[in-house]
Ligand SMILES: [Zn+2]
């Protein structure tokens, strides 16, 4: 009886599908989606964001408690260990840099006069990840955003000579670029590599333009006071190290005006020109001397990985990676009388969603054809460290990782009518996103805040850099309750709660939305894991061309 009914429904669905659908949908059965529960998400978050875990700072005891919680959950679900040496853990060696402001200096030399700038008030320095003391002195050249993008016929280095000089550049990237291209070119490491390729010996970044609207300098100072870390490989080399750039600093817009004194243009003129889409680069008068100092602390902090084996004899050797970062920023400066940065939304919520999705699959008979790799990572807040280490030292062959779906801050503020899948416009993964959105009666919206560069600001980017098509899915600004302004709620949270001790379980959280968001993510992963073919980058896509394995 059941079988016939089911067959009948399938046939009907196929007939209904013929005129509109290009491929048969792999949308998961409702019984699988129903396994995701609001109270499951809340329970994981309550544990992970508890004060006892002290903000889960990378390399801390609080982080290890969280890592062991995730490991125990994986074990209880019956996932195969997918870390090192038959365990769920993959060790990551991390170096923590603690700046020494009293030994840092930034001095501008011009017309036989010296102007010494003030740490934090004027500038910030992280320290060099390979040496505890570094110095550089050279003349300066302003290079706009510091971007060279041949495919867009854009070059901030055209017409200027950066050889042997300290480049002065703006944060962010050209507004004319599509959102993700802009994100790629805004990446600080790409900018430093590009500066090195043009012969530069130092760099000064300026926090200016539209990005400063949502993130004022005071907040940047606050971020710099949080732990600065790199992962260290077997040869002792830090990740993303650009040795040619001997020292660097970061300045605010007001203080950076002094760099432009006596030059052809002021900073305001340069900003206006760049914002109008006209690159403007020119040498600056005088020279600058920088000294950067840091103390090193060597730490270990593991990623946690488990596999749910796929059902198809051939496709089970291919992996869809679900990822979320477990770490947050630990204990820090007091704000409103609290020092524990609980990271409830960021990212106890993503870890909770990861665990709920793993549990739903593990408890169900619906085994997808491909294997699912559940990856909980360390060091995200310190620069995507755990995911980058994993993607460069994968415990399964990277060529067999077909997609990454990352969760960093799932929907918890309001019930939503639309989703935003960062990365969907770069690969065939958009097919699954659209299919799931349609089935769930949701709209799929483009990135509403491209200037925030969210696409490169979480762990999916580590996989993209290894050629793996990836997504990061969360809610859009369209609310179910018309009285709520999604944009306003999101931006207010970002400017007042994000990375403060108030991102804890005492803030109002909507677990109905969290459940719905987790179901969207599960469904997209399910469809990808069951699709006949592997996801592919769009033809000519910048990330595909730059990173895909050929
Ligand atoms: Zn964060």
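Would you please give the FRET efficiency between residue 485 and residue 210, computed as 1/(1 + (r/R0)^6) with r the Cβ-Cβ distance and R0 = 22 Å, to the nearest 0.05?
Values: r = 20 Å, r/R0 = 0.93.
Between residue 485 and residue 210 the formula returns 0.60.
Show me 189-198, 136-145 ranked by packing, highest mean number of other Cβ atoms within 10 Å first. Intermediate values should be presented prior to the final figure.
On the way: 189-198: 19.7, 136-145: 22.1.
Per-residue Cβ counts within 10 Å, averaged per peptide and sorted highest first, yield 136-145, 189-198.
Going by the alpha-carbon gyration tensor, a ≥ b ≥ c the square roots of its eigenvalues, is region 132-246 rounded (a/c under 1.5) or, if a/c is not under 1.5, prolate (a/b greater than b/c) versus oblate?
On the way: a/c = 1.43, a/b = 1.10, b/c = 1.30.
Rounded, because the longest to shortest axis ratio a/c is under 1.5.
Which shape class, rounded, prolate or oblate, goes with region 398-502 when its Cα gyration tensor gives a ≥ b ≥ c as root eigenvalues, a/c under 1.5 marks rounded, and past that a/b bigger than b/c marks prolate? Present the calculation step by step, with values, prior to reporting the outcome.
Details: a/c = 2.44, a/b = 1.36, b/c = 1.80.
It is oblate, given that a/c is not under 1.5 and a/b is not larger than b/c.
Calculate, axis by axis, the spread of Cα positions in region 75-172 along the three principal axes, and write the results as whole Å, longest axis first.
70, 44, 23
If R₀ is 35 angstrom, what is the calculated FRET efficiency for the pair residue 314 and residue 545, using the beta carbon separation as r and rounding to 0.05?
Given R0 = 35 Å and the Cβ-Cβ separation, E is 0.75.
Mind checking the full-extension length gain between residue 285 and residue 495? Use 0.36 nm per residue of separation minus the Cα-Cα distance, one decimal, nm. Mind dumping the intermediate values first?
Working: separation 210, 0.36 × 210 = 75.60 nm, distance 3.63 nm.
Going from the current span to full extension adds 72.0 nm.
Between 0 and 90 degrees, rounded to the nearest ten: what's the tilt of helix 350-363 against the longest Cα principal axis of the chain?
20 degrees
Provide the gained length on full extension for the span residue 176 to residue 225, in nm with one decimal, where the gain is 0.36 nm per separating residue minus the Cα-Cα distance. Don't jump to the answer; show the numbers that get you there.
Working: separation 49, 0.36 × 49 = 17.64 nm, distance 3.28 nm.
That pair, residue 176 and residue 225, stretches by 14.4 nm at full extension.
How far apart, in nm, are the 7 Å Cα→Cβ label points at residue 113 and residue 244?
3.5 nm
For residue 39 and residue 364, FRET efficiency with R0 = 30 Å and r from the beta-carbon atoms, rounded to 0.05?
Numbers: r = 18 Å, r/R0 = 0.61.
Rounded to the nearest 0.05, the efficiency is 0.95.
How tilted is helix 61-77 with respect to the longest principal axis of the chain? Cα atoms for both, answer in degrees (0 to 90, nearest 10).
Helix 61-77 sits roughly 20 degrees off the main axis of the chain.
If I model a spin label as a point 7 Å beyond the Cα along the Cα-Cβ vector, how far apart are those points for residue 25 and residue 151 in nm?
3.2 nm
Can you give the Kirkwood hydrodynamic radius of the chain from its Cα pairs, in Å with one decimal?
Values: mean 1/r = 0.0409 Å⁻¹.
Result for the chain, one decimal place: 24.5 Å.
What order, most packed first, do the peptides 98-110, 373-385, 52-64 have when packing is the mean number of other Cβ atoms within 10 Å of each residue? Could the numbers behind the result be given before it?
Values: 98-110: 16.4, 373-385: 27.2, 52-64: 22.1.
For the peptides 98-110, 373-385, 52-64, the packing ranking is 373-385, 52-64, 98-110.
Would you please put 241-247, 483-489, 460-466 in order of how densely packed they are, using the mean number of other Cβ atoms within 10 angstrom per residue and starting with the highest? Before the final figure, lay out each step's value.
Values: 241-247: 18.1, 483-489: 13.4, 460-466: 25.1.
In descending order of packing, they fall as 460-466, 241-247, 483-489.
By how many nm would the segment from residue 233 to residue 399 lengthen if fully extended, with 0.36 nm per residue of separation less the alpha-carbon distance?
Gain on extension, residue 233 to residue 399, equals 57.6 nm.
Please check which bits of region 279-306 a label hung off residue 137 would reach, taking the label as a point 7 Å along Cα-to-C-beta and the cut-off as backbone N under 17 Å.
From region 279-306, the list is 286-293.
Looking at the square roots a ≥ b ≥ c of the eigenvalues of the Cα gyration tensor of region 285-341, which shape do they give, rounded for a/c under 1.5, prolate if a/b is larger than b/c, or oblate? Please report the intermediate quantities before stating the final value.
Values: a/c = 3.30, a/b = 1.87, b/c = 1.76.
Verdict is prolate for region 285-341.
Bear in mind that the values in this text are calculations on the coordinates, not laboratory data. Keep in mind that this is a model prediction, so the values were computed, not measured. Counting neighbours? That spans all protein chains shown, and the Cβs are built from the backbone with ideal geometry, glycine included.
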